[in-house]
Amino acid sequence: MPRQASSKVSILSLSRRHMIAAAASASVGIAMNHRRATASQTPVSASTGDDVAGLIDIGGRSLYLDCRGSGSPAVVLEAGFGNDGEIWDSVALPEDQSGPAVFPAVAMFTRVCAYDRPGTYRDPGFPGRSDPITGTRTADDIVADLHALLTAANVPGPYVMMGHSFGGLIVRLYASMYPIDVAGLVLVDAAHEDYYDAVKSVLTPAQWEAYTNAPEPEGYPGLEKIDIIASAEQMRNAAVASPLHPMPLVVITHGKPWEWPEEYPGDALEAVWLPQQLNLAALVPDGQLIVAEQSEHYIQLTQPDLVIDAIHQVVDTVRNLD
């Protein structure tokens, strides 16, 4: 899924060229710079209810973790392709959106953690806060990292996991691989495992190449590389081998069409999306589908209240089931 960062949230494509076209505004960059300058870059522990922000050693390399609030179940936020953990925070909100952002709002009613996958950024020219890693990765690799991170940081489960875009596929795969650790899911315009094959079928070969393999742009050294086809196959296999157990599930999808580049078949691409979102909502009994009528892809930025309410609902349901 595409990367975002600007006062005008627009959807382009997975290509890095298009991600750079949506680079962060100067005001967002200034706020983000302050955050990076003041956040801890030494190893931390997230086992207490205190707010923590810093590096967690997962065995030879470290990932940046930010946890706030207190209470159970803990909410784990998984960003989309290219986005780091700040996509959930106030610094990422468009200039015309007063908030509150998802991260600080959820911290008011339970423990919530976000992290940076290697090679994810909020602003051009800044190195990622997590240790870099080379090579192309898959969803399996990311799930292994996240499990190691939550274990090393002593973040107690079970979790309510929320994933945006490609992050939605990651949290579903996590729930299949570690079923006793996941008590609820919120999927925000989440990628379905059949989406990428459907995209490939309607794009020209040149468009598909740009969508998946654009050159690494200047200012984004080490940007994460993900094999989306292999990742989708991993999710497909896991869904058969270990389907989701009954749990609270809310799926939120965009109500405004994505702004694809003019030369792309936008109507055809849009047509494959909603049926797959309906499929996601039907993965468990009583799964819910919500259409964010005022939003394109970055619903957590344009309608954060909708996302916050969905998380609160799932958290409350999990608590009532205990």
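Read-outs throughout are calculated quantities, based only on the coordinates presented, and are distinct from any laboratory measurement. As the structure is a computational prediction, the values presented were derived from the model and not from experiment. Quick reminder, even Gly has a Cβ in these numbers, built from the backbone with ideal geometry, and neighbours come from all protein chains shown.
What to note about this one:
- Ala282-Asp309 pseudo-label distance in nm [points 7 Å out on the Cα-to-Cβ vector]: 2.6
- The simple Förster model, with R0 at 41 Å and r as the Cβ-Cβ distance, assigns Glu270 and Arg319 a FRET efficiency of 0.65.
- Cα-projected label distance for Thr136 with Asp50, points at 7 Å along beta-carbon direction, nm: 4.4
- Cβ-based charge dipole, region 98-195, positive-most Cα from Thr110, Tyr178, Val155: Thr110
- Working ranking of peptides 284-294, 104-114, 89-99 by packing, defined as the average number of other Cβ atoms within 10 Å per residue, highest first, is 104-114, 89-99, 284-294.
- Derived scalar couplings ³J(HN,Hα) [region 82-97; Karplus, 6.51 cos²θ - 1.76 cosθ + 1.60; whole Hz; x for Gly, Pro]: x, 8, 9, x, 6, 5, 8, 9, 4, 4, 8, 5, x, 4, 8, 10
- Distant-in-sequence amide contacts of Lys225, defined by a placed amide H-H separation under 5 Å and a gap of 5 or more residues or a different chain, comprise Arg137.
- Calculated FRET efficiency for the pair Gln294/His245, C-beta based, R₀ 25 Å, to 0.05: 0.15
- For Ser295, residues with placed amide H under 5 Å, excluding near neighbours: Gly255, Lys256
- Taken along its three principal axes, the alpha carbon spread of region 163-312 comes to 42, 34, 31 Å, from the longest extent down to the shortest.
- Scaling against 2.2 N^0.38 Å puts the C-alpha radius of gyration of region 58-163 at 1.07.
- Taking each residue as 0.36 nm, the span from Glu209 to Glu262 lengthens on full extension beyond its C-alpha to C-alpha distance by 17.4 nm.
- Simple spin-label estimate for Lys200 and Ser98 gives 4.7 nm between the two label positions (7 Å along the Cα-to-Cβ direction from each Cα).
- Going by neighbour counts of Cβ atoms within 10 Å, the residues Tyr159, Tyr196, Tyr178 line up, fewest first, as Tyr178, Tyr196, Tyr159.
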